[in-house]
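Contents: one structure, followed by commentary.
The values are calculated or read from the model by the stated rules, or taken from the named source; none is laboratory data. Note that the structure is a prediction, hence the values are computed from the model and not measured. Cβ placement follows ideal geometry from the backbone for every residue including glycine, while neighbour counts extend to all protein chains displayed. Note: areas computed on protein heavy atoms with side chains; ligands, DNA, RNA excluded. Shrake-Rupley method; radii C 1.70, N 1.55, O 1.52, S 1.80 Å.
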Amino acid sequence: MKIDGRWRTLAAHRVSLLIAGVELIPGRVVDHICRVRRCVNPEHLRQLTNRDNILAGVGATAINARKTHCKRGHEYTPENTYQGNRGRECRECRANRIKARSRLRRPCPECGVEISANHMSKHIKLIHGKSRVGS
């Protein structure tokens, strides 16, 4: 398609909007309201920011963004929500998870370093050169 004197390749849904007389807004993406990606009916199309398009969708990001409570029923409020590398967590569940993880750690009988129970024998073998505790 020739736009402003230059030939450009455009997706069919964008061409459909241009033919319908809708001006394409820079920085916006075309959202298919009908959720059929090959649809070119201009009545089924709208222009959104990429963020709004993702959040209006049915993917994992959109589903999680719409959640108002954690899986244990605690409400996501600014005061009760922790945003970290693992994503969004309610503070109570996060505290419980950290507390449970610390209960699994035990001091090494050789050096006193706290190690999870699952890694104790590997630690003793690699660090202390012993095949088992007390040998």
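Tally time: how many residues in segment 31-64 are assigned to a loop (DSSP other than H, G, I, E, B) and closer than 23 Å to Ala20 by Cα?
Initial filter on segment 31-64 (assigned to a loop (DSSP other than H, G, I, E, B)): 33-41, 49, 56-59.
With the extra rule that they be closer than 23 Å to Ala20 by Cα, the set shrinks to 33-41, 49.
Of the residues in that region, 10 qualify.
Would it be correct to say that Arg103 is closer than 30 Å to Glu114 by Cβ and charged (D, E, K, R)?
Working: closer than 30 Å to Glu114 by Cβ: yes; charged (D, E, K, R): yes.
For Arg103, the condition - closer than 30 Å to Glu114 by Cβ and charged (D, E, K, R) - is met.
Keeping to segment 97-106, report how many residues are open to solvent by 80 Å² or more (accessible area, probe 1.4 Å) and not in a loop (DSSP other than H, G, I, E, B). Steps first, please.
Applying the first criterion (open to solvent by 80 Å² or more (accessible area, probe 1.4 Å)) to segment 97-106 yields 99, 101, 103-106.
Going one step further and asking which of them are not in a loop (DSSP other than H, G, I, E, B), we end up with 99, 101, 103, 105-106.
Of the residues in segment 97-106, 5 are open to solvent by 80 Å² or more (accessible area, probe 1.4 Å) and not in a loop (DSSP other than H, G, I, E, B).
So Glu92 clears everything in (1) in contact with a His (Cβ under 7 Å, 6 or more places away or on another chain); (2) open to solvent by less than 70 Å² (accessible area, probe 1.4 Å) except one condition, right? Which one?
Every condition holds for Glu92 apart from (2).
Per-residue answers, yes or no, for (1) in contact with a helix residue (DSSP H, G or I) (Cβ under 9 Å, 6 or more places away or on another chain); (2) modelled with pLDDT of 90 or more; (3) open to solvent by 70 Å² or more (accessible area, probe 1.4 Å):
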site: Pro26; (1), (2), (3): no, yes, yes
site: Val29; (1), (2), (3): yes, yes, no
site: Lys67; (1), (2), (3): no, yes, yes
site: Glu114; (1), (2), (3): yes, no, yes
site: Ser121; (1), (2), (3): no, no, yes
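If you go through segment 1-16, how many residues are open to solvent by less than 40 Å² (accessible area, probe 1.4 Å) and either modelled with pLDDT of 95 or more or of a type in the set (S, T, N, Q) (or both)?
1
For a quick check of your reading of the model, give me the residue pairs whose first member lies in segment 49-60 and is within 9 Å of Arg28 (Cβ to Cβ), whose second is of a type outside the set (Asp, Glu) and exposed (fewer than 13 other Cβ atoms within 10 Å of the Cβ), with beta-carbon atoms closer than 9 Å and at least 6 apart or on different chains.
Thr49/Gly27; Asn50/Gly27
Since Glu43 meets every condition but one in (1) within 30 Å of Lys2 (Cα to Cα); (2) within 18 Å of the chain's Cα centre (by Cα); (3) of a type in the set (D, E, K, R), which condition does it not meet?
(2)
Among Asn96, Asn80, Asn64, Asn53, which is the only one that is under 30 Å from Met1 (Cβ atoms) and touching a Lys or Arg at 6+ places or on another chain (Cβ under 9 Å)? Steps first, please.
Details: Asn96 fails: under 30 Å from Met1 (Cβ atoms); Asn80 fails: under 30 Å from Met1 (Cβ atoms); Asn64 fails: under 30 Å from Met1 (Cβ atoms).
Going through Asn96, Asn80, Asn64, Asn53 in turn, the sole match is Asn53.
Collect the residues in segment 123-133 that are among the charged types (D, E, K, R) and surrounded by 11 or more Cβ atoms within 10 Å (Cβ to Cβ), keeping them in residue-number order.
Step one: of segment 123-133, the residues among the charged types (D, E, K, R) are 125, 130, 132.
If the condition is that a residue be among the charged types (D, E, K, R) and surrounded by 11 or more Cβ atoms within 10 Å (Cβ to Cβ), then Lys125, Lys130 are the ones that fit.
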